[in-house]
Protein chains: 2
Amino acid sequence: MPVTVECVPNFSEGRRKEVVDRIVFSIRSVPGVKVLDVEMDPDHNRSVVTFVGNKENVQEGAFRGARAARELIDLNKHKGQHPRMGALDVLPFVPITGVTLTECIEIANKVGARIAKELKIPVYMYEAAAKKPDRKNLENVRRGEFEGLREAILKDESRFPDYGPRMVHPTAGATAVGARMPLIAFNVNLKSKDLAVAKDIAKKVRASSGGMPNVKALGFSLENRSMVQVSMNLTDYTVTPVSKVFEAIQKEAEARGVEIAEGEIIGLIPLDAVCDVAARFLKINSFGSNQVLERRIWG
Amino acid sequence: MPVTVECVPNFSEGRRKEVVDRIVFSIRSVPGVKVLDVEMDPDHNRSVVTFVGNKENVQEGAFRGARAARELIDLNKHKGQHPRMGALDVLPFVPITGVTLTECIEIANKVGARIAKELKIPVYMYEAAAKKPDRKNLENVRRGEFEGLREAILKDESRFPDYGPRMVHPTAGATAVGARMPLIAFNVNLKSKDLAVAKDIAKKVRASSGGMPNVKALGFSLENRSMVQVSMNLTDYTVTPVSKVFEAIQKEAEARGVEIAEGEIIGLIPLDAVCDVAARFLKINSFGSNQVLERRIWG
């Protein structure tokens, strides 16, 4: 099983395909790096690239992406719905296989320091890689965006970067570099039209109102389907597994006389998280992804 | 996601390591083929090699293994506890990823025909690749072993091979070539000391006594742990998924007032089978292994 670090840089360009292509090409130019996905959003004028590599080449890929963005994107000319402060706006590293979150924090620091030094771009460490508590939350780091930060960084000590110059780069702005666990987007749809039920259950399970750690949850109405939904982001499945979240919602729904219609996994989910759910169902005490046939084959 | 066919040849040599090494080397010599496991059993005087490849190179690997076994193993000198009729005794092909059982049957036929033609070894097609109903069961094909088949093949029409000469090879015997789905070894342990409960539930769920298709089940006593066990082989998880088997046993156990202690997966399990269990638990209608992050990375 190869060591795999995922990197998900967000670039402030979602309209000019030739620019995004050149940035992606620069990432792909690193041997061993594999680009999994590129999503351009013209309304946000922003692109999200997902690539993977090992502990070394993922750093080189990220740096080359940062360098290409600095050459090709001028934030003074950038408009879009999504808040942004840099040509390469955010750069999170995510542990997938054979690597820990702690190691991803180290990787983020190495790349952040290099971007600051070689590209003269101020770098803010965020999420698990934050060096100051208020920088765990990206919104705090990006407050005021490119235009606001350009002023604030000069005089407001709380806005001084973790690496690099105390001034934004004139065209490439500033970059937030971080580390986080893989995110699982998980929804549970309920056989009820009562939005209050979904909102109430969401409040019960989410971390911010005293529920389970690493769970973000909101209640929504699915008008077309005459159902309501508890929509969640699970930000660390090793702390709060999907099975535990599902069981908690099931219990809360039952207590309200409401049935679960279905669960939904949106996008991708790590193999270990799937194995955990299967093990819970089958009451298996020791079942790991190393028992998955394909993992042996690909390893 | 690369196309992956698994091949699990059984060779009639489990004592002379240098012989097994040379056979494995000949399989490994095919570019793109990957040997996952080699198990030598001195009592059975037999080795089981597990390797994978794509639709083409898996055939070449299997043929080279057959050729090496023909050169290195003399059945006239072979003794062991396990029944056998060939130097390469059995050669099953198993669909893992991006390939169907039907395609594995085609592969088995191509390799079988080539072994017969180029190595002058009679070949019997078995399991899903059987051309005659009674050859689905390997025991029927191997009846009398090398020594018995040597006589029977000459005069008994029911023992004529599917490919190759109507006489066993003087030193390499005959080979059974087949195709089957991946096997899942799944046990459920029950909080009871009553062996009759386990035997009774095994009978309820297994195919041979009118239970679920592709389920083989026996009841055992786990003396050391004061429990009983329903021990199963699931021979096609796409027909009878693990989750369905577990739920059936749960129902039968409940009806007898017995609790399930735990489940056990012995050895490896295909990714799709794990995803199915997870989807069942989370009540997800459409969850496939293509949503597993690592599958995207390795693909």
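Per this entry, A:V5 is not counted among residues that are in a strand (DSSP E or B), over 20 Å from A:A113 (Cβ atoms) and under 15 Å from the mean Cα position of the chain (by Cα).
Of all the residues in segment B:279-299, those that are more than 7 Å from chain A (Cβ to nearest Cβ) and open to solvent by less than 40 Å² (accessible area, probe 1.4 Å) number 4.
Apart from one condition, A:G210 fits all of (1) more than 10 Å from chain B (Cβ to nearest Cβ); (2) in contact (Cβ under 8 Å) with a residue 12 or more places away in the chain; (3) open to solvent by 50 Å² or more (accessible area, probe 1.4 Å); the exception is (2). Tell me, yes or no, whether segment B:179-190 has at least one residue that is open to solvent by 40 Å² or more (accessible area, probe 1.4 Å), at pLDDT 95 or above and either touching a strand residue (DSSP E or B) at 6+ places or on another chain (Cβ under 7 Å) or part of a strand (DSSP E or B) (or both). Yes, because at least one residue in segment B:179-190 is open to solvent by 40 Å² or more (accessible area, probe 1.4 Å), at pLDDT 95 or above and either touching a strand residue (DSSP E or B) at 6+ places or on another chain (Cβ under 7 Å) or part of a strand (DSSP E or B) (or both). Within segment A:20-44, track down each residue that is away from chain B (no Cβ under 14 Å) and modelled with pLDDT of 95 or more. Once the filter is applied, which keeps residues that are away from chain B (no Cβ under 14 Å) and modelled with pLDDT of 95 or more, segment A:20-44 yields A:V20, A:D21, A:R22, A:I23, A:V24, A:F25, A:S26, A:I27, A:R28, A:S29, A:V30, A:P31. Is it true that some residue in segment B:228-237 is buried (at least 23 other Cβ atoms within 10 Å of the Cβ) and at the interface with chain A (Cβ under 10 Å from one of its Cβ atoms)? No, the conditions are met nowhere in segment B:228-237. Name the residue that is nearest to A:A179 (Cα to Cα), counting only residues in segment A:49-59 that are away from chain B (no Cβ under 14 Å) and open to solvent by 50 Å² or more (accessible area, probe 1.4 Å). Taking the candidates together, the pick is A:K55.
Restricting segment A:222-244 to residues that are small (G, A, S) and touching a helix residue (DSSP H, G or I) at 6+ places or on another chain (Cβ under 8 Å) leaves a set whose member that is farthest from A:V274 (Cα to Cα) is A:S231.
Please enumerate the residues belonging to segment A:277-299 that are over 29 Å from the mean Cα position of the chain (by Cα) and of a type in the set (A, V, I, L, M, F, W, C). Within segment A:277-299, A:L282, A:I284 qualify. Each residue in segment A:238-278 was checked for being open to solvent by 30 Å² or more (accessible area, probe 1.4 Å), more than 11 Å from chain B (Cβ to nearest Cβ) and either assigned to a helix (DSSP H, G or I) or among the acidic types (D, E) (or both), and 5 of them qualify.
The single condition among (1) surrounded by fewer than 20 Cβ atoms within 10 Å (Cβ to Cβ); (2) within 22 Å of A:R46 (Cβ to Cβ) that A:V90 does not satisfy is (1). With the structure loaded, tell me whether B:P133 is open to solvent by 40 Å² or more (accessible area, probe 1.4 Å), out of contact with any Pro (no Cβ under 6 Å at 6 or more places or on another chain) and closer than 16 Å to B:S12 by Cβ or whether it fails that test. For B:P133, the condition - open to solvent by 40 Å² or more (accessible area, probe 1.4 Å), out of contact with any Pro (no Cβ under 6 Å at 6 or more places or on another chain) and closer than 16 Å to B:S12 by Cβ - is not met. Scanning segment B:111-130 for residues that are open to solvent by 40 Å² or more (accessible area, probe 1.4 Å) and either under 15 Å from B:Q59 (Cβ atoms) or of a type in the set (A, V, I, L, M) (or both) yields B:R114, B:K117, B:E118. Give me the pairs, please: first residue somewhere in segment B:226-255 and free of Cβ contacts under 8 Å to residues at least 60 places away in the same chain and over 12 Å from B:A185 (Cα atoms), second residue anywhere and open to solvent by less than 10 Å² (accessible area, probe 1.4 Å) and among the polar types (S, T, N, Q), beta-carbon distance under 7 Å, and either six or more positions apart or on two chains. Close Cβ pairs satisfying both conditions: B:M227/B:N189; B:Q229/B:N189.
Quick one: which residue in B:K203, B:K216 is in contact (Cβ under 8 Å) with a residue 12 or more places away in the chain and either open to solvent by less than 50 Å² (accessible area, probe 1.4 Å) or closer than 28 Å to A:E294 by Cα (or both)?
On the way: B:K203 fails: either open to solvent by less than 50 Å² (accessible area, probe 1.4 Å) or closer than 28 Å to A:E294 by Cα (or both).
So the residue among B:K203, B:K216 that is in contact (Cβ under 8 Å) with a residue 12 or more places away in the chain and either open to solvent by less than 50 Å² (accessible area, probe 1.4 Å) or closer than 28 Å to A:E294 by Cα (or both) is B:K216.
Can you pull out every residue in segment B:256-268 that is among the small types (G, A, S) and either in contact with a helix residue (DSSP H, G or I) (Cβ under 8 Å, 6 or more places away or on another chain) or under 12 Å from B:I184 (Cβ atoms) (or both)? Spell out the reasoning first.
Restricting attention to segment B:256-268, the residues satisfying the condition of being among the small types (G, A, S) are B:257, B:261, B:263, B:267.
B:G263, B:G267 - these are the residues of segment B:256-268 that are among the small types (G, A, S) and either in contact with a helix residue (DSSP H, G or I) (Cβ under 8 Å, 6 or more places away or on another chain) or under 12 Å from B:I184 (Cβ atoms) (or both).
The values are calculated or read from the model by the stated rules, or taken from the named source; none is laboratory data. All values derive from a computational prediction rather than experimental measurement. As a convention, Cβ positions derive from the backbone with ideal geometry for all residues, glycine included, and neighbour counts pool all protein chains shown. The protein model used for the area step is the full one, side chains on, heavy atoms only, and it has no ligands, DNA or RNA in it. Shrake-Rupley method; radii C 1.70, N 1.55, O 1.52, S 1.80 Å.
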